[in-house]
Amino acid sequence: MDNPYGLLAELTYSCPLQCSYCSNPLQLDDYRDELSTEEWKRVFTEAAGLGVLQLHLSGGEPLQRRDIVDLVQHANQLGLYTNLITSGLGLSTLRAEQLRKAGLDHVQLSIQADDQALSDQIAVTTSFERKQVAAGLIKSLGWPLTLNVVLHRQNIDRIGGILDMAEAMEADRVELANTQYAGWAGPNQAELLPTRNQLEGAEAVVRAARERIGDRMEIIYVMPDYYSMYPKPCMDGWASRQFTVVPNGEALPCPAAHEVARGLGLPPATVREHSLQWIWNEAPLFQQYRGTDWMPDPCRSCDRKEIDFGGCRCQAFALTGDAARTDPVCHLSPDHGIVEAAVEAANDPLRPHNGPLIPRAKVSRAKRAAT
Ligand code: SF4
Ligand code: FES
């Protein structure tokens with residue numbers, strides 16, 4: 001087993017936005033007893049000791065933590081590469097300058113759309129203009145700027161405008177990733193899954209933009225796996241290269257594994273009770289789907305099992321109730337009919353492109369405020 005190279009620290013599930021595609025868990029209230037500043041610092045120290053090189057600070061909205069500058073400074077002193085994943089709300093000039101001084105290496109800014117009304121509608125919050133300001137601030141302080149855009153049925157037709165906006169912001173990189181149906185995106189899947197026509201249109205726009213823009217801006221485009229023959233090698237395999245610590249200190253092999261962990265009925269692997277070393281090497285949740293021994297057929301006898309690792313455990317659990325089954329996205333899965341039915345429904349010409357979405361619940365204040 002290799003050492004992990006990446007830690008995703010979900011510092012808080014508090015967030016001013018309420019995007020319906022949010023991958024945070026549905027039971028947000030269960031995670032309000034947040035780790036203190038000292039507890040997070042210990043986690044970062046242990047992570048560095050375990051070989052972690054990249055620390056992704058996320059949430060919710062990580063800028064909701066009053067101790068964010070202190071945490072970045074500590075991670076920087078440990079030699080970790082720090083990446084802030086933010087909506088941009090809460091990035092004041094003062095905060096940004098403090099973070100720069102504390103050694104923050106990189107910022108990823110989430111973008112919902114290029115059109116103010118649509119952007120604010122998807123975020124369920126007036127946020128479009130504040131994101132523009134945040135992008136300017138990030139560039140002016142000399143950080144590399146990556147824009148994260150979650151694509152779905154309601155914004156994918158705007159992809160050309162989104163790329164124009166990214167160029168205008170002088171983004172170094174744009175990640176256009178179709179929604180993964182974890183967390184709040186699960187119950188919203190029917191209203192988020194694009195049609196085949198929408199995808200073909202989006203791919204053509206991306207191809208043309210890449211040719212036009214060249215090296216000036218890197219464009220990553222991630223297809224929705226529902227339209228693929230094979231699943232993605234989710235997380236490069238369960239508990240293989242990276243892991244997540246959620247706001248209350250539970251460690252998970254991937255950011256969406258809350259439901260899988262509950263479904264297995266295993267004791268939570270929490271940093272409040274265990275070292276990261278023990279969690280990575282011994283925790284039953286981390287061992288459960290590591291490697292290939294756990295695989296059922298058809299994966300067990302498939303020559304792609306070391307390529308895609310049977311797909312996504314969280315998706316298998318969400319769609320079949322059993323995380324040990326082959327990801328239903330795979331055309332060889334006995335459960336593939338579930339995905340085919342969803343794709344057929346998405347392509348029903350009578351289904352609108354702006355159906356009602358369930359917004360992510362609002363979590364405004366943590367139970368235990370950061371020190
Ligand atoms: Fe991947 Fe399993 Fe499908 Fe083979 S059967 S392609 S290993 S998901
Ligand atoms: Fe959890 Fe794929 S999202 S394993």
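The distance linking segment 8-83 with segment 289-325 is 29 Å (Cα centroid to Cα centroid, whole angstrom). Label positions at Asp348 and His331, each projected 7 Å from the Cα along the C-beta direction, are separated by 2.5 nm. When restricted to Cα atoms, segment 256-316 yields an Rg and a Dmax of 13.2, 40 Å, respectively. For Ala117 and Glu203, a Förster radius of 25 Å and the Cβ-Cβ distance give a FRET efficiency of 0.45, rounded to the nearest 0.05. Decide, for segment 1-59, between rounded, prolate and oblate: order the square roots of the alpha carbon gyration tensor eigenvalues as a ≥ b ≥ c, take rounded if a/c falls under 1.5, and otherwise choose prolate if a/b is larger than b/c, else oblate. Since a/c reaches 1.5 and a/b is larger than b/c, the shape of segment 1-59 is classed as prolate. For the chain, the Cβ-based charge dipole about the Cα centre amounts to some 740 debye (Lys, Arg positive; Asp, Glu negative; other atoms uncharged). Structural descriptor for the chain: relative contact order 23 percent, calculated from alpha carbon pairs under 8 angstrom and at least 6 residues apart. When the P(r) is computed for segment 58-190, the part past 21 Å accounts for 41% of the Cα-Cα pairs. Annotated for the chain: lysine pairs at least 8 residues apart or interchain, Cα distance under 30 Å, count 13. Computed about the Cα centre, the dipole magnitude for segment 1-99 is approximately 260 debye when only Lys and Arg (+1) and Asp and Glu (-1) carry charge, each at its Cβ.
The charge dipole of segment 105-219, taken about its Cα centre with unit charges on the Cβ of Lys, Arg, Asp and Glu (plus for the first two, minus for the last two), comes to roughly 100 debye. Normalising the average separation of contacting C-alpha pairs (under 8 angstrom, six or more residues apart) by the number of residues puts the relative contact order of segment 1-94 at 39 percent. Extension gain for the segment Leu264 to Met223, taken as residue separation times 0.36 nm less the Cα-Cα distance, is 11.8 nm to one decimal. With a/c under 1.5 counting as rounded, go ahead and sort segment 285-371 into rounded, prolate or oblate using the C-alpha gyration tensor (a ≥ b ≥ c being the square roots of the eigenvalues; past the cut-off, prolate if a/b is larger than b/c, else oblate). It comes out oblate by the Cα gyration axes.
Dipole of the chain computed with +1 at Lys/Arg Cβ and -1 at Asp/Glu Cβ about the Cα centre; of Ile122, Leu319, Gln242, farthest Cα towards the positive end is Ile122.
The alpha carbons of segment 168-313 stretch over 52, 39, 31 Å along the principal axes, in descending order. Classified by the C-alpha gyration tensor, segment 108-251 has a rounded form. Its axis ratio a/c, with a ≥ b ≥ c, is below 1.5. With 0.36 nm allotted per residue and the present C-alpha distance subtracted, the Ser92-Asp293 stretch has 67.4 nm of extension available. Projected label points at Arg130 and Tyr230, each 7 Å from Cα along the beta carbon direction, are separated by 4.3 nanometres. Grouping the Cα pair distances of segment 186-259 into 5 Å bins from zero gives a pair-distance distribution of 3, 12, 14, 15, 17, 16, 14, 7, 2, 0 percent in increasing distance order.
Helical content of the chain, expressed as a calculated mean residue ellipticity at 222 nm, amounts to -9500 deg cm²/dmol (DSSP H runs of 4 or more residues, -39,500 (n - 2.57) each, divided by residue number, nearest 500). Here the extension length gained between Asp2 and Glu282 equals 99.5 nm, from 0.36 nm per residue of separation less the Cα-Cα distance.
Kirkwood analysis of the Cα pair distances in the chain returns a hydrodynamic radius of 21.2 Å. The modelled label-to-label distance for the pair Leu53/Glu273, using points 7 Å beyond Cα in the direction of Cβ, is 3.4 nm. Helix screen, the chain: no DSSP H segment has Cα axial length of 30 Å or more and mean Kyte-Doolittle hydropathy at least 1.6.
Read-outs throughout are calculated quantities, based only on the coordinates presented, and are distinct from any laboratory measurement. Computed from a prediction, not measured in an experiment: that's the story for all the values here. Counting neighbours? That spans all protein chains shown, and the Cβs are built from the backbone with ideal geometry, glycine included.
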